[in-house]
1. What does the charge count near Lys17 come to, summing +1 for each Lys or Arg and -1 for each Asp or Glu among other residues with Cβ under 11 Å from its Cβ?
2. Give the angle, between 0 and 90 degrees and rounded to the nearest 10, that separates the Cα long axis of helix 2-13 from the longest principal axis of the Cα atoms of the chain.
3. To make sure I understand, if each residue's beta carbon is the centre and we count other beta carbons within 10 Å, what order do His55, His87 fall in, fewest to most?
4. Hey, any idea what the orientation-averaged projected area of the convex hull of the chain's Cα atoms comes to, in nm²?
5. Note down the net charge around Tyr36, summing +1 for each Lys or Arg and -1 for each Asp or Glu among other residues with Cβ under 11 Å from its Cβ.
6. What is the distance, in nm, between label points placed 7 Å from the Cα along the Cα-to-Cβ direction at Arg32 and at Lys89?
7. Taking the Cβ of each residue in Ile15, Ile26, Ile75, Ile86 as the centre, tally the other Cβ atoms inside 10 Å and list the residues starting with the fewest.
8. Hey, got the dipole for the chain? About the Cα centre, +1 on K and R Cβ, -1 on D and E Cβ, debye to the nearest 20?
Amino acid sequence: MLSFNKAVWEATRKIPKGKVSTYKKIAEIIVRPRAYRAVGNALNKNPYAPKVPCHRVVCSDGSLGGFALGINKKIKLLRSEGVTVIHNKVKPLDKFLYDKK
């Protein structure tokens, strides 16, 4: 399980400031496309914050999902990076979505 977590943290580390990715996209990047819930569990155990910016990972519909330090802290961090959060959702999601290429 530790190598899975490390893969999640490495993929998450690459999300630039002002952008977000989704739990599902991180799962796809690490070639475990159905493991998006496990991605959330790995991020909840992230010992490398803020170098691994787990606050930049959201649900596929733009809703914020969870955050170990609380949802209000996640909102504050995202907004401080210029990400628009309205009613606990990143809006418009496509504007802020990081597209790893």
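No value in this document is a laboratory result; all are computed from the given coordinates. Computed from a prediction, not measured in an experiment: that's the story for all the values here. Because the Cβ atoms are built from the backbone with ideal geometry, glycine has one as well, and the counts that use them run over all protein chains shown.
1. After counting each charged neighbour, the total is +1.
2. The two axes meet at around 30 degrees.
3. His87, His55
4. Values: hull surface 22.7 nm².
Directional mean of the projected Cα hull area for the chain stands at 5.7 nm².
5. Spelling it out: positives minus negatives among the neighbours equals +4.
6. Calculated label separation equals 2.9 nm.
7. Working: Ile15 21, Ile26 28, Ile75 17, Ile86 9.
So the residues, fewest neighbours to most, are Ile86, Ile75, Ile15, Ile26.
8. So the magnitude is around 140 debye.
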